[in-house]
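To start, the structure itself, in structure tokens.
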Amino acid sequence: PTISTAAQAVTLALFALVLACAAVLIVGQVAARLLVTAGADHPVLNALGMTRGQLLAAGLAEVAVAGAVGAVLAVGVAVAASPLMPIGTARLAEPDPGVSADWPVLTGGAVLMVVLLVARSGWPAWRLAAAQGLRIPGVPWGISGHRSRLAGGWLARTGAPVTMTAGVQLAFEPGRGRTAVPVRAALGGTALSVLAVTAAFTFGASLLTLVHTPRLYGQNWDAALDLQFSAISRAEAARFFGTDPAVAGWTFGDHGILAIGGQVIPAIGLAPGRGPLLSPTLLAGRSAGTSREIVLGSSTLRSLGLRVGQQVTVMVSGQRIRDRIVGRAVFPNFGQGSFSPTDLGQGAETTAAVFRAQAAAETNAPGYEVVLLRLRGGPPRAAAIARLRRSTARFCAQIQQSTCLLFRQPPAGVTNYARIEGTPEVLAGALAVLGVAALAQFAVISSRRRRRDFAILKVLGLLRRQVSEITAWQVSTLAAASLLIGLPLGIATGRWAWLLFSNSLGIPADPGVPVPLVLLMIPAVFLIANVVALWPGRSAARVRPAQVLRTE
């Protein structure tokens, strides 16, 4: 596989690993919180004669059973989705894309999920196993022993509505015992979801920028005349392009193959035409100016253990040449026939004189195999492109080359990765669903376990509508906190992942931030949170104070 394919695999594996770890942390936090909230039963069981070890085993068994059910469902979904795999270029080589399963991997993964969840719940289960006594206190408002400074202090002093003050306070107070709710799990799950989606959008925006910006994948010219095994003379080039006012300049080139340290490297040799020399995008150093200078791609330098400034022995057409490495560049697609083409960090650039013998043997005619063209800027670009096509149409028809006139030369690494650009978004979407589930669980548990608080508020005069508003303020507060945490961390994570990816491919580090999508996420998160809390809010509003308070 090429370095671009390997980099793609590493990047996707990194995304999958981060999202999988995040999912385990979220589910583990929820499981631990449920153990704590279920702990009211342990004193009763203790009084019935169960030992501390038996209580610990009972608590962990609850988590293990739930984790095993989830693992079995996950394996079933993975097997059902197997016909959709693999994705991208690898799918072309898959002989049997039907249902398939690697049972040792799936079984090991399922067991690992259960083990991680049980391990995460070990300390809460051990602490609950030590509970003594039969009394299970009914915990009133402010269970945690302290009131939220934001709600109890600043909001109350500013005269904020009681629904807002109560909702914000309940959003940050996890409670204890029967009235405990998974505040940290909901906050962590939602924040991680926002982080993952933001990171995926940021990474995807950077990828789209790479795909649609030729300069980033090495193409520093507007069009290329690639004649493969044919040639064009300087006089013909002047006749085609010299009278075209839209053409600002051009550079000649020849395809070539060279070897360094036993490694065969596709290359391009350049020669001045009219105007400044056009060459692949440089990351360091300068272009080759003589036949004893060479520019290499980042991946090529890395694989050979070389750096800019060193001298290296180059084999060209059976001759040894002692060259100095004067630059590091990104290469677009320069390919000839069935020979391996250049690809981002793979390739070499030197002068056309180095490949004169190779080119003469291939074309049997004087001239150059490649012409790189720079067009003048301005609105009439479409007209200039059309005129350029017309002026070269007859010549291209004579040589019968489909690659005769090219306006974009994306290398294989860019083309292949563009086919699977949606994978990070799919992985982030899966975690987003998990985050929504954690938020929904928080809203449901809060409406059920804080029934006493809602009943007291209704006795004090709050209407059903106001109780529903408290639930809405709860989830809106968590959504706001998740956005404050997730958005900046997501942007930073996405940019870091892109920098890692671009460095592995040897391309310019130019991470982008999808500002419109990031801004759109803010109302989207609030909307989803309030939709999720709609039914639990109505359920809390229907609480009957007399019935609830009579049972206390």
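The values are calculated or read from the model by the stated rules, or taken from the named source; none is laboratory data. Everything numeric here is computed off the predicted structure, so don't read it as measured data. So basically every Cβ, Gly included, is an ideal-geometry build from the backbone, and we count neighbours across all protein chains shown. Please note that ligands, DNA and RNA were not included when accessible areas were found on the heavy atoms of the full protein model with its side chains. Shrake-Rupley method; radii C 1.70, N 1.55, O 1.52, S 1.80 Å.
So the values come out like this:
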read-out	value
Residues with amide H under 5 Å from that of Gly249, placed H, sequence gap 5 or more	Arg374
Residues with amide H under 5 Å from that of Ala271, placed H, sequence gap 5 or more	Phe252, Gly253, Ala352
Cα coordinate range in the range 447-552, projected on the principal axes (Å, largest first)	71, 25, 18
Full-extension gain in nm, Ala248 to Arg292, via 0.36 nm per residue minus C-alpha separation	13.0 nm
Cβ-Cβ FRET estimate between Trp123 and Val433, R0 fixed at 22 Å, reported to 0.05	0.20
Spatial separation of Cα centroids for the range 265-304 and the range 434-462, in angstrom	66 Å
Estimated FRET transfer efficiency (Ala160, Thr415; beta-carbon r; R0 51 Å; 0.05)	0.40
The range 456-552 - percent of accessible surface contributed by carbon and sulfur, probe 1.4 Å	69 percent
For the range 265-276, Karplus couplings with θ = phi - 60° (6.51, -1.76, 1.60), whole Hz, Gly/Pro x	10, x, 9, 9, x, 10, 9, x, x, 10, x, x
Spherically averaged projected area in nm², based on the convex hull that wraps the Cα atoms of the range 229-297	6.1 nm²
Of the trypsin sites (Lys or Arg not before Pro) in the range 446-552, those whose Cβ has at most 15 other Cβ within 10 Å and which sit in DSSP loop	Arg542
Solvent exposure, largest accessible area first (probe 1.4 Å, DNA, RNA and ligands not counted), of His212, His255	His212, His255
Overall Cα dimensions of the range 196-338, principal axis frame, Å, largest first	57, 42, 30
Ala353/Trp496 FRET efficiency (R0 51 Å; Cβ-Cβ; nearest 0.05)	0.75
